[in-house]
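The values are calculated or read from the model by the stated rules, or taken from the named source; none is laboratory data. Here the structure is a predicted model, which is why all the values come from computation and not from measurement. Every residue, glycine among them, receives a Cβ derived from its backbone with ideal geometry; neighbour counts consider all protein chains shown.
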Amino acid sequence: MTQHTPTQLRIGICGLGTVGAGTLRLLEENKETITRRSGCEIVVTHVATRTPKPELCQNVAHSGDDPLALAADPSVDVVVETIGGYDVAFDVIKTALTSGKHVVTANKALIAEKGNELFALAREKAVTLAFESSVAGGIPIIKALREGLAANEIEWLAGIINGTGNFILSEMTANQSQFADVLQEAQELGYAEADPTFDVEGIDAAHKLTIMASIAFGIPLQFDKTYTEGISKVTPDDINYANELGYEVKHLGIARKTESGIEMRVHPTLVAKSRLLANVNGVGNAILVQGDFVGSTLYSGPGAGAEATASAVVADLIDLARQVVAGATFPVYPALGYRDASNDSPVLAIEEIDAEYYLRIPVIDRVGVMAKISNVLQDQEISIEAIIQKEAASNESVPIVILTHRVKEAKLNKAMAALENLEEITGAIMRIRVEPFHGEAT
Ligand SMILES: NC(=O)c1ccc[n+]([C@@H]2O[C@H](COP(=O)([O-])OP(=O)(O)OC[C@H]3O[C@@H](n4cnc5c(N)ncnc54)[C@H](OP(=O)(O)O)[C@@H]3O)[C@@H](O)[C@H]2O)c1
């Protein structure tokens, strides 16, 4: 990075949408405080965005529509990438790093999927690629994992890390509504995109989990190994049965270090109502982290939106400014919280995890059906913790709901396949994993 003057850090923002415009606004509105805390002025000198926004850029010296030119411009010290997506954003970050500039990005998809390459480049060029805003918006979870909890071995973390999914499940719970109806409501309220796939199918959460797990356990980013299951199959009946059994249904991202490897999984999950995570509703995010010395710590707050995300982008800018003022050797922080990438623990396939399960089994209500189900479960050494069996009005299909004790998922899969072959089973079995948060937890 060019050391032109220690009293000013010149910022170029690429992409002036929700996050980019929020960042510009926060830097202007809290200028005095930010300057005082940074030890130098943080000035947006350049902006590059597709649709010109002159009303936002009155104090910006250079406004244009070419983010690559901005990324290479020698008069910019730090590039803020808030375009999103994979293509232009990747080129912008690569160009900026190659030109010796620090980069701040909110782009979780890019960090999770192409971060290993970009962090290697940042290391080579001795610059910082900062990404606090890429996970859980305004919640400073990256700094918590990388700095605040740095003395701990992280045992596991579990979080509600997609506001749209949490809003949908919360509304389904409160109003007994169907998934499709609440999704439409979420779209009308602006909480869900026109194409909601990334949110409801868990991809967005898997991006964030991949990033958190790599910092927590010192492993490379491995998005392709993160098990990802969405919430579109959860029904109001499942939520009601879970409630009867003392649980809420939440869409969790869970990462855990075990003796045989690392678990990274995103899926609907039964969480005991007594847990704080079970009570995080609406578009909020929350992450529970278990460290070996500190115990469990919980971080919650707004996971998206202009203000929350800009708060995290600007925090990264202030960090950078402080480091520049202090004459630091970059990068100050090892990109993903580890210096030597020595943790080569394998990521476990979902079949290899041990968990407890909720099963909703649609059956013809006939004498002996429960005995048959028990036999199949016994064959796989699966024991039952709780059961709900509803009376059928006539000879129609009714659900039998079972909570199992802990078992390897591969065995559960075998049992489900065998159950679905029974003539009394009338349809697909719904399976939801239960998270007991082993170890002390809030
Ligand atoms: N929104 C949130 O709450 C949130 C939270 C956390 C992280 N993020 C991440 O932040 C990033 C940005 O999200 P956002 O919600 O701010 O997106 P957005 O509102 O769609 O903003 C993207 C901006 O980039 C501009 N742009 C697109 N292609 C461009 C190009 N080729 N050259 C120049 N400018 C271009 C867009 O211009 P037009 O106006 O012409 O489309 C728009 O101004 C994404 O990676 C997202 O995952 C967002």
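On the basis of being within 29 Å of residue 262 (Cα to Cα) and not assigned by TED's automatic domain parsing to the domain that holds residue 220, does residue 129 make the cut?
Considered against the rule, which asks whether it is within 29 Å of residue 262 (Cα to Cα) and not assigned by TED's automatic domain parsing to the domain that holds residue 220, residue 129 comes out as yes.
Yes or no: residue 37 more than 11 Å from the ligand (Cβ to nearest atom), within 28 Å of the chain's Cα centre (by Cα) and closer than 20 Å to residue 132 by Cβ?
When the stated conditions are applied, residue 37 does not pass them.
Can you tell me which of 276, 245 is outside the structural domain of residue 22 (by TED's automatic domain parsing) and modelled with pLDDT under 95?
276
Hey, could you check segment 113-143 for residues that are within 16 Å of the ligand (Cβ to nearest atom) and of a type in the set (Gly, Ala, Ser) and say which is surrounded by the fewest Cβ atoms within 10 Å (Cβ to Cβ)?
That would be 138.
For segment 40-59: of the residues being more than 14 Å from the ligand (Cβ to nearest atom) and out of contact with any helix residue (DSSP H, G or I) (no Cβ under 7 Å at 6 or more places or on another chain), which is farthest from residue 316 (Cα to Cα)?
It comes out as 58.
So which residues in segment 52-65 are more than 12 Å from residue 83 (Cβ to Cβ) and within 31 Å of the chain's Cα centre (by Cα), if there are any at all?
Listed by number, the residues that qualify are 53, 56.
From the list 44, 19, which one is closer than 19 Å to residue 76 by Cα, in the same structural domain as residue 105 (by TED's automatic domain parsing) and aliphatic (A, V, I, L, M)?
Selected residue: 44, the only one of 44, 19 that is closer than 19 Å to residue 76 by Cα, in the same structural domain as residue 105 (by TED's automatic domain parsing) and aliphatic (A, V, I, L, M).
Among residues belonging to segment 63-76 that are touching a residue at least 40 places away in the same chain (Cβ under 8 Å) and within 14 Å of the ligand (Cβ to nearest atom), point out the one that is surrounded by the fewest Cβ atoms within 10 Å (Cβ to Cβ).
Here the residue is 71.
Condition first: over 14 Å from residue 283 (Cα atoms) and not hydrophobic (A, V, I, L, M, F, W, C). Now tell me which residues in segment 152-172 satisfy that.
Across segment 152-172, the qualifying residues are 152, 153, 155.
Does residue 303 fit the bill of being within 27 Å of residue 117 (Cα to Cα) and at pLDDT 95 or above?
no
Within segment 176-215, which residues are in contact with a strand residue (DSSP E or B) (Cβ under 8 Å, 6 or more places away or on another chain) and of a type in the set (Val, Ile, Thr)?
203, 210
Kindly provide the set of residues from segment 99-112 that are farther than 10 Å from residue 130 by Cα, within 12 Å of the ligand (Cβ to nearest atom) and either outside the structural domain of residue 316 (by TED's automatic domain parsing) or touching an Asp or Glu at 6+ places or on another chain (Cβ under 9 Å) (or both), ordered by number.
Residues satisfying the conditions are 107, 108, 109, 110.
Of 321, 315, which residue is within 16 Å of the ligand (Cβ to nearest atom), of a type in the set (Gly, Ala, Ser), touching a residue at least 60 places away in the same chain (Cβ under 8 Å) and outside the structural domain of residue 167 (by TED's automatic domain parsing)?
315
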